[in-house]
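Everything on this sheet refers to the single structure shown next.
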Amino acid sequence: MSETLILGAVAYAPKVVTIWEGFKAHFADQGLAFDYLLYSNYERQVEAQFDGTIHLAWNSPLAWLRAERLAKARGSSVDAVAMRDTDRDLTSLIVVRADAGIETLDGLRGKTVGFGAVDSPQATLIPLEHLARNGLQAGRDFAVRRFDLLGGKHGDHIGGERDAALALLRGEVDAACLIDGNHLAFTTDGTLTPGATRILAQTGAYDHCNFTASPGAPAGRVGRFVELLLAMSWDDPAVRPLLELEGLKQWLPGRSSGYGLLEAAVDRQGFYAPDGRILAADYRY
C-alpha cells in the first residue's frame with residue numbers, strides 16, 4: 001500500500017466511480033499502483049491533502065485556492081500538475097430573456113439575479129466579482145436569488161445553474177449566471193429554448209479544475225502519473241471512453257496562472273481567509 005499513489009476526488013455524480021475505476025485499471029496496465037478515495041465535499045478533500053491521507057487531489061478551482069492558502073500558511077506548497085484541455089480559458093455569462101429590454105449591466109439595478117450554489121466559482125463567485133467590477137453591489141443594486149444545491153461540491157453538479165436558467169425562463173429572476181459551456185449545453189438539450197435568452201455580459205477568462213499534488217507527495221510516482229496522463233490519446237479506443245467521461249480530449253500540464261479572477265472574488269466576498277480558513281457564514285457542506 002505504501003507504494004500506491006492515492007488520489008482524492010469528490011463524488012458529485014454517480015459517474016465519478018466509473019471514471020476512477022477506469023483510470024485505476026488503466027494505470028495498473030501501465031505499471032502504476034493507483035487508488036482513489038471519494039469525498040462528499042471539496043473542503044474535506046483539501047484538508048486530507050495536509051494529513052497524509054492523499055497524494056493528489058482532483059480539485060475544483062476553489063479547492064485549489066484553498067489548498068494553496070493552507071499550504072502557504074503552513075510554510076509548504078502545493079503544485080497544479082495537470083489539467084484538462086477543457087479547463088483553460090473559460091468564461092461565465094450573465095444571461096437575460098431576449099424580450100426583457102435589459103440592454104446593459106446597469107439595467108440590472110433594482111432587478112433580481114439568479115446564481116448557482118454559494119460555492120460555485122462559475123455561477124456565483126466569479127459573476128458576482130464581474131458585477132462588482134462594473135459598479136453593481138449585491139444587496140444594494142440588485143437582489144440575489146441563489147439556487148444553492150449540494151453545498152461543498154463547488155458547483156460541479158451544475159444543478160444550481162440549471163435551476164437558475166429555468167427560473168429565468170419562468171420570469172422568476174431577471175438574469176441568470178452560468179458558465180459558457182453550460183449555456184450552450186442547456187440550449188442544445190432544450191433546457192433553454194433557442195432564441196429565448198440573450199447574453200448580457202461575459203466575464204474575463206479563468207481556469208477550472210486541476211490535479212493538485214499534496215505537500216510531500218512522492219515526486220517519482222506523481223511524475224509517472226502525470227506522464228501517463230499526458231500520454232493518453234483520443235485516438236486510442238481503449239482510452240477514449242475515459243476521456244469522454246471526464247470531458248476532455250487531451251490532458252495538459254497544470255498551470256496556476258488562471259485563478260486570479262476567482263482569487264479576487266474570494267477575497268472581495270470573504271469566502272476564504274488568506275490562511276485558508278472558511279469565512280462564508282452561510283456555507284453548509
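Select from the range 53-80 the residues that are assigned to a loop (DSSP other than H, G, I, E, B), out of contact with any helix residue (DSSP H, G or I) (no Cβ under 8 Å at 6 or more places or on another chain) and either touching a residue at least 12 places away in the same chain (Cβ under 8 Å) or crowded, with 16+ Cβ neighbours inside 10 Å (or both) and list them in ascending order. Correct list: T53, R74, S76.
Of the residues making up the range 114-132, at least one is surrounded by fewer than 19 Cβ atoms within 10 Å (Cβ to Cβ) and closer than 19 Å to A281 by Cβ. Of the residues making up the range 139-171, those that are part of a strand (DSSP E or B) and open to solvent by 50 Å² or more (accessible area, probe 1.4 Å) are V144, R145, R146.
In the range 90-101 there is no residue that is farther than 30 Å from G171 by Cβ, open to solvent by 10 Å² or more (accessible area, probe 1.4 Å) and either among the acidic types (D, E) or touching a Ser or Thr at 6+ places or on another chain (Cβ under 9 Å) (or both). Listed here are the strands (runs of 3 or more DSSP E) enclosed by the range 172-220 that have at least 3 residues being surrounded by 21 or more Cβ atoms within 10 Å (Cβ to Cβ), outside the structural domain of A138 (by the TED database) and under 22 Å from the mean Cα position of the chain (by Cα): 210-213. Selection of the range 11-46 for residues being in a loop (DSSP other than H, G, I, E, B), surrounded by fewer than 17 Cβ atoms within 10 Å (Cβ to Cβ) and of a type in the set (S, T, Y) yields only S40.
The values are calculated or read from the model by the stated rules, or taken from the named source; none is laboratory data. Because the structure is a prediction, the values reported are computed rather than measured. Here Cβ is always computed from backbone atoms with ideal geometry, including for glycine, and neighbour counts include all displayed protein chains. SASA here: full protein model, heavy atoms, side chains in, ligands and nucleic acids out. Shrake-Rupley method; radii C 1.70, N 1.55, O 1.52, S 1.80 Å.
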